[in-house]
Amino acid sequence: MKKYYSVTSAFYDDGRVVAGITGSREAERKPESRCTEKSDRDIYEDWFESMEQAREFVRGATKA
C-alpha cells in the first residue's frame, strides 16, 4: 500500500482560485482525479504521490 494526497481546488468564474490539501488515502493504486462543474466555479480533486508534489500544486494553482 502507498499513501496518496488529495488536493481540492476551485477555479471561480471571476478569476479567484482557492486550493488546499484536503486529505490522504492509502491504496494499491493512485485514486482517480475528478472534476465537478458548478454554476460559478469548477472544482477539481487531484491526487499526488507525495506531500511535496501536493504542496507544489497548491502553490502553482494559487498563483494562476
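Any read-out appearing in this document is the output of simple, stated calculations on the displayed coordinates, not a laboratory observation. What you are looking at is a predicted structure, and each value in this text was computed from that prediction instead of being measured. For neighbour counting, all protein chains shown are included, and Cβ atoms are generated from backbone atoms with ideal geometry for every residue, glycine included.
Some observations on this one:
- The chain, dipole about Cα centre (Lys/Arg Cβ +1, Asp/Glu Cβ -1), debye to the nearest 20: 220 debye
- Every helix of 4 or more DSSP H residues in the chain counts as -39500 (n - 2.57), and over all residues that averages to -6000 deg cm²/dmol at 222 nm.
- Under 10 Å, Cβ to Cβ, from Tyr12 - net charge with Lys/Arg +1 and Asp/Glu -1: -1
- At an R0 of 25 angstrom, the distance between the Cβ atoms of Asp14 and Lys63 translates into a FRET efficiency of 0.90.
- Environment charge of Ser39, counting only residues whose C-beta is closer than 14 Å and scoring Lys/Arg +1, Asp/Glu -1: -3
- Of the GluC sites (Glu not before Pro) found in the chain, those in coil by DSSP whose Cβ has at most 10 other Cβ atoms within 10 Å are Glu28, Glu32.
- Unit Cα scatterers, Debye sum, the chain: log10 I(q)/I(0) for q = 0.11, 0.29, 0.30 Å⁻¹: -0.25, -1.21, -1.26
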